[in-house]
Amino acid sequence: MTKSKKNRFTRLLFWFWGLFFSGILLVVFLFFLISNGLFGNLPDVKELENPKNNVATEIISSDEEIIGKFFIENRTPVKYKELSPYLIQALVATEDERFFEHSGIDIRSLARAVIKLGKAGGGSTITQQLAKMLFTEKPSDNIVDRIKQKLKEWVIAVQLERRYTKEEIIAMYFNKFDFLYQAVGINSAAKIYFKTTPDKLTLDQAATLVGMAKNPVLFNPVLNEENNLERRNVVFQQMERNGYLSPEQKDSLILSETKLHFQREDHNLGIATYFREQLRLELKDWCEENGYDLYRDGLKIYVTLDSRMQNYAEEAVKKHLSVHQKKFFAQWKNQEPWGEHTIIIEEAMKKSPRYQMLKEADYTDKEIEKNFNTPVKMTVFSWDSPHQEKDTTMTPLDSVKYYQYFLQTGFMSFDPHTGEIKAWVGGIDHRYFKYDHVNINSTRQVGSTFKPFVYTMAVDNGYSPCFEAPNEPVVFEDYDNWTPKNADGKYGGTMQLRKALALSVNSISAYLMKQLGPNGPRNVIDLARKMGIKGTLEAYPSICLGTMSLSVYEMIGAFGTFANKGVFVRPFYIKRIEDKNGVVVYSSLPETQQAMSEQTAYVMLKMMERATFGTAARLRYVYNLTNPIACKTGTTQNQSDGWFIGVTPNLVSGGWVGNDHRAVHFKTLGLGGGSAMSMPIWAFYMQKVYADKSINLYDGPFEEPSKPLTIEVDCDRYQQPHQDVGRDGPLGSR
């Protein structure tokens, strides 16, 4: 080599290495400037170590099932060890082959992307993608600004690599990614798309979800099935290329079908929808008072509901009312059950979203009338469909009328010893009927289900269930000679109290009320208060027939006093609340109160057991429920309300059935009474609960009091007292 050539080579070599090291120094200097705010502030150490995530609050049942969530983003984080290995392999093979080798930036991938102008894929590593998801709210459309964002993401990626392990970065990536359809994070995605958990995802399921990482809209299995299939197969090919699959495995998988089990998460869907809304309203206030965000802070709400029992309650409602509703339609065929009460339709129309929208748009009354009488396509509730809705065409006004035909319900079940509510069904479908009929503010006339309160006062004063009371009209002279009538209009002779309660005879209830004397109504109210009744009660003799309106929640809770040896335990549904770190921030405290003696409670149970030979006889000969059951039916005037409450040793359940408007009801007592409208729900529910051995519900007799009874319950040994039991008798002297 000549001297001149040698000098030229030396100069070229000098310039090459000079440019090379200058480039490195320039990059280092650029990173230094970016780190110090050249293109705006970067996340500080605290933000990097605690990146902001909106984490869903979970509702967890007593049998450890997640029955609902509250969220802005439906995200529940999982740890690396809770991820299927297929997820990790698929992600690394497809998105970042050298993930475990680089420190946040893959120079080879970046160089390839630059040289080929992105045609061979982008150069972003998994860590860079995570940095983008965490700290870039919205990618800029401006090329210059986007370059600045990209450079900042590089710096953040390097910082993330310094503070987290590779495993933590992968977990953070899967927890942050939005898979659409409210599936934010892999936990929600696994449940919504495949009805499983991240650790149980199969290889093809994992490839389907990882395939969405490139573009969750374009490669979504619901929105673009073919695109997703092609992308899934690309994931398989990448896994083969990186040694995770053999060629034979890849070829077999490409020919396979991935079955979705897609189910959206929505507050109107799933189980316990009415309960979840009741819970949300209560928690919203609690969170505001205690400095938590219900939708972002990832609280865990442990509730008393049992998911199995909740499902059985909802199934029982559907099984009964889907059939009983047809009887209602048949009875009112070609007629309008509200009759002259057309105000019902007018009020319902004005409460509808359509009416409100038209009013806000300044439509005139005439224009609104025309709109409501113009047929349109719509989806309406229907018991006849598996999904309880059907597509049809009708006028909006006809749809308003259509919904007024439907029977509604409120059903609750709870443990009378602990107060834990096990099932809560506030209506027939939360999508179409929002009103909760269990809530303490939802009241209906209770009818004969209130009679046990009056009988309790009699028993508390020494009266035996075997006592023979006169079945004659009773006149309350001090109240305009009010004389309650028997439903069947029959009178005469005497009747044992246990039989009178079982047959719900009005004259006997009135007789007992009169024996209580002037303070009788007030004494009954005092007892009801001790049994948890908070609703409006007025001190009139008519209280003996249940003329007041109370809630399902109150009535079921009150009947629990009989099963709990006279001690009222207030029903509750929140056991405890934990923050996202597992720290308990709230624990429930039971509320109890002695309402009556242990003996009185037991005697009332024995008396109410007789109802299975009276108004509730079908429990035994139709539904084959032969275990001890203390119960009471209730029916109000014109069959507007049908009640049934059933008490077993460890479970008190029941509720109400009727229309939202009392003017809409069955024509006949045979179809509109409590035993026809409400009792079958209880029966179907209890059949399922007893059949489920995992629940292990006790079905033996009620436990006798610890002390010997002083009131006779064996009517074969009972002798009628020879004392006067009129106004000046033992009850009147109370």
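Within segment 409-416, does at least one residue satisfy the condition of being modelled with pLDDT under 95, over 25 Å from Thr636 (Cα atoms) and part of a loop (DSSP other than H, G, I, E, B)?
So far as segment 409-416 goes, no, none of its residues is modelled with pLDDT under 95, over 25 Å from Thr636 (Cα atoms) and part of a loop (DSSP other than H, G, I, E, B).
Among the residues of segment 404-416, not a single one is of a type outside the set (A, V, I, L, M, F, W, C), touching a Leu at 6+ places or on another chain (Cβ under 9 Å) and farther than 30 Å from Tyr690 by Cβ. Put simply, of Ser448, Ser464 the only residue that is buried (at least 22 other Cβ atoms within 10 Å of the Cβ), assigned to a loop (DSSP other than H, G, I, E, B), touching a Phe, Trp or Tyr at 6+ places or on another chain (Cβ under 9 Å) and hydroxyl-bearing (Ser, Thr, Tyr) is Ser464.
Can you find a residue that is touching a residue at least 12 places away in the same chain (Cβ under 8 Å), within 33 Å of the chain's Cα centre (by Cα) and within 18 Å of Ile556 (Cβ to Cβ) anywhere in segment 573-582? Yes, because at least one residue in segment 573-582 is touching a residue at least 12 places away in the same chain (Cβ under 8 Å), within 33 Å of the chain's Cα centre (by Cα) and within 18 Å of Ile556 (Cβ to Cβ). Residues of segment 212-243 that are closer than 25 Å to Glu101 by Cα, hydrophobic (A, V, I, L, M, F, W, C) and assigned to a loop (DSSP other than H, G, I, E, B): Met212, Ala213. When Tyr455, Tyr405 are checked against the criterion of being among the aromatic types (Phe, Trp, Tyr), buried (at least 23 other Cβ atoms within 10 Å of the Cβ) and in contact (Cβ under 8 Å) with a residue 60 or more places away in the chain, Tyr455 stands alone in meeting it. Just to be sure before I move on: is Ser307 under 30 Å from Pro590 (Cα atoms) and modelled with pLDDT of 95 or more in the structure I sent? So Ser307 fits the description; yes. When each of Leu48, Leu42 is tested for being modelled with pLDDT under 85, assigned to a loop (DSSP other than H, G, I, E, B) and of a type outside the set (Asp, Glu), the lone residue that passes is Leu42. If you go through segment 282-294 and keep only what is surrounded by 17 or more Cβ atoms within 10 Å (Cβ to Cβ) and assigned to a loop (DSSP other than H, G, I, E, B), you end up with Tyr292, Leu294. Restricting to segment 290-316, count the residues that are touching a residue at least 12 places away in the same chain (Cβ under 8 Å) and either closer than 30 Å to Lys176 by Cα or among the small types (Gly, Ala, Ser) (or both). The qualifying residues number 15. Scanning segment 349-375 for residues that are exposed (fewer than 13 other Cβ atoms within 10 Å of the Cβ) and either in contact with a Gly (Cβ under 7 Å, 6 or more places away or on another chain) or among the β-branched types (Val, Ile, Thr) (or both), we see that the one that is nearest to Pro396 (Cα to Cα) is Thr374.
From the set of residues in segment 250-283 that are of a type in the set (S, T, N, Q) and touching a residue at least 12 places away in the same chain (Cβ under 8 Å), which is nearest to Val317 (Cα to Cα)? Looking at residues that are of a type in the set (S, T, N, Q) and touching a residue at least 12 places away in the same chain (Cβ under 8 Å), I get Thr273. Residue count for segment 504-527, restricted to those that are without any contact (Cβ under 8 Å) to a residue 60 or more places away in the chain and of a type outside the set (S, T, N, Q): 10.
For (1) exposed (fewer than 15 other Cβ atoms within 10 Å of the Cβ); (2) among the aromatic types (Phe, Trp, Tyr); (3) not in a helix (DSSP H, G or I), each residue gets a yes or a no:
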| position | (1), (2), (3) |
| --- | --- |
| Glu314 | no, no, no |
| Phe329 | yes, yes, no |
| Asn334 | yes, no, yes |
| Trp338 | no, yes, yes |
| Glu346 | yes, no, no |
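Within the set Leu305, Leu279, the sole residue that is in contact with a strand residue (DSSP E or B) (Cβ under 7 Å, 6 or more places away or on another chain) and in a loop (DSSP other than H, G, I, E, B) turns out to be Leu305.
Cβ-Cβ contacts under 6 Å between residues 6 or more apart (or on different chains), taken from a first residue in segment 161-180 that is touching a residue at least 40 places away in the same chain (Cβ under 8 Å) and part of a helix (DSSP H, G or I) to a second residue that is surrounded by fewer than 22 Cβ atoms within 10 Å (Cβ to Cβ) and among the hydroxyl-bearing types (Ser, Thr, Tyr), are listed as Glu161/Ser103; Glu167/Tyr80; Ala171/Tyr80. Considering segment 515-572, and only residues there that are polar (S, T, N, Q) and closer than 14 Å to Thr456 by Cα, the residue that is modelled with the lowest pLDDT turns out to be Gln515.
The values are calculated or read from the model by the stated rules, or taken from the named source; none is laboratory data. Worth saying up front: this structure is predicted, and the values here are computed from it rather than measured. Heads up, the Cβs are rebuilt from the backbone with ideal geometry, glycines too, and the neighbour counts pull from every protein chain shown.
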